[in-house]
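Let me begin by presenting the structure, written as structure tokens, before commenting on it.
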Amino acid sequence: MAELLVIRHGQASFGQDNYDVLSDLGQRQAAAVGAVLRDMEWVPDRLITGTLTRQKDTLSAMGFSATPEEHAGFNEYDFHDLLHARYRGKVPDLVKGDRKTHFRALRDTIFEWQEDAFDGAAETWGEFAARVEAARVFATDTDARRVLVISSGASSGN
């Protein structure tokens, strides 16, 4: 069985029009992690990302040369959709505009999502969990010795 290393993408551009872009810090984070892995002589045989730009850019900045594969199961869940479902389309301005409030509300929303406490989300918790499991199986069903996955902080999905 392959060693599986799952790394979250570098810092994205929170509060920007396009969140699916690494910040300058995210680029530096990715390069640093790639350097650490090479210093440890941990070089992957297989590279996998989700389909998000920030995941692909993180892998690129890490500096490994193999051609990556993609699996949408490594994308994060759609947090905008979850917030809209929880608040029935009326997400409070403070939740949208204040980073601390946003992440607290998102945490609470995820707990409620896991308990099926609201309807209307594009993806149920069960569907998300199945998608992540399918991605794990995809990544580990291999002859590769070391598999590097660039995922998202949600464990995987969007």
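Table for the structure above
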item: Partner aspartates and glutamates for LYS56 [C-alpha distance under 12 Å; skip if fewer than 8 residues away on the same chain]; result: ASP20, GLU69, GLU70
item: Potential lengthening between PHE103 and ALA117 on full extension [0.36 nm per residue; Cα-Cα distance subtracted]; result: 3.2 nm
item: For the chain, share of DSSP beta bridges that run antiparallel, in % to the nearest 5; result: 5 percent
item: Stretchable slack from MET1 to ALA35, in nm (0.36 nm times residue separation minus alpha-carbon distance); result: 9.7 nm
item: Virtual spin-label span in nm between PHE64 and GLU127, 7 Å along Cα→Cβ; result: 3.0 nm
item: The chain: most fluctuating residue of PRO68, PRO92, PRO44 per GNM, C-alpha cutoff 10 Å; result: PRO92
item: Per-residue ³J(HN,Hα) for the stretch 19-24, Karplus 6.51 cos²θ - 1.76 cosθ + 1.60, θ = phi - 60°, Hz, x for Gly and Pro; result: 5, 7, 9, 5, 6, 4
item: Sorted by Cβ neighbour density within 10 Å, fewest at the top, the residues LEU47, LEU4, LEU82; result: LEU4, LEU47, LEU82
item: Helix-derived mean residue ellipticity, 222 nm - over the chain, DSSP H n ≥ 4, -39500 (n - 2.57), to 500; result: -14000 deg cm²/dmol
item: Cα-projected label distance for TRP42 with SER23, points at 7 Å along beta-carbon direction, nm; result: 2.5 nm
item: Charge-dipole axis of the chain as Lys and Arg at +1 and Asp and Glu at -1 on Cβ define it, positive-most pick from PHE74, ALA32, TRP113; result: ALA32
item: Neighbour-count order for TRP42, TRP125, fewest beta carbons within 10 angstrom listed first; result: TRP42, TRP125
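Readers should treat all values here as calculations from the given coordinates under stated rules, not as data from a laboratory. Please read these numbers as outputs of a predicted model, since none were measured by experiment. Ideal geometry is used to build each Cβ from the backbone, glycine not excepted, and the neighbour counts take in all protein chains shown.
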